[in-house]
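Bear in mind these aren't lab numbers, they're just calculated from the coordinates by the rules spelled out. Predicted model, so just to flag it, every value in this text is computed and none were measured. Here the Cβ positions follow ideal geometry from the backbone for every residue, glycine too, while neighbour counts run over all protein chains shown.
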Amino acid sequence: MVCSERVVNRTVMNMSDWRRELSRILRSAQGHKVVFIGVGHPLRGDDYVGSYVAKELITRVESKLNNVEFFDAEDSVESIISKVIETKPKYVIFVDSCEMNTEPGEIRLISVSDTDYPFFATHGIPLKLLSERLLPQSETWILAIQPDRVEFSDKMSREVTEAGILISEFIRGKVR
């Protein structure tokens, strides 16, 4: 589902900054768990990108990495959150399609604490509320991708597909 968190513009990193900050997180996590959670509905076009990235990483990254785990939540983060909690992660990074009023395929890394959430959300539970209540000991982030279209479709746009591939390749290169 398209991320319902509203982005606070002053804290949003630009396209190149997400790589630098994600690299910093992965370096600083030595000895601690990092969890990536892909979120997205497979029949909502670009909304699927987070789940797409998670599936790519699950199938292409060594499954027994010391401190990095990947989960594919599709459109129900609630269905996997107990497994995430069991890992006691220092960092949780949601990969999700997010409306940021930018160009399709643009990628930003946003601290969940710097987002705002509405009363109702496209996720069953807004990511910020979920993080505050169920992952209070973890530093949580959203690796957000600007969608082009989220109507009923099993195809992502070219820009969002390319962003998903870029993210997947970048993370694979960092966690080998």
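Grab the beta carbon distance between R20 and K88, set R0 = 45 Å, and tell me the FRET efficiency rounded to 0.05. All intermediate terms of the calculation are to be shown ahead of the outcome.
Values: r = 26 Å, r/R0 = 0.58.
Taking R0 as 45 Å, the efficiency between R20 and K88 is 0.95.
For the stretch 22-73 and the stretch 86-103, what is the centre-to-centre distance using only Cα atoms, to the nearest Å?
Result: 9 Å between the Cα centres.
What is the calculated FRET efficiency for R27 to E151, with r their C-beta to C-beta distance and R₀ = 41 Å, to the nearest 0.05? Write out the running numbers ahead of the final one.
Details: r = 39 Å, r/R0 = 0.96.
E between R27 and E151, to the nearest 0.05, is 0.55.
Please state, rounded to one decimal and in Å, the Kirkwood hydrodynamic radius that the stretch 43-92 gives when every pair of distinct Cα atoms enters the mean of 1/r. Working shown, then result.
Working: mean 1/r = 0.0835 Å⁻¹.
Hydrodynamic radius (Kirkwood, Cα only) of the stretch 43-92 equals 12.0 Å.
Mind ranking 50-57, 99-106 by how tightly packed they are, going by the mean number of other C-beta atoms within 10 angstrom, highest first?
Details: 50-57: 24.1, 99-106: 16.0.
Those peptides, ordered most packed to least, come out 50-57, 99-106.
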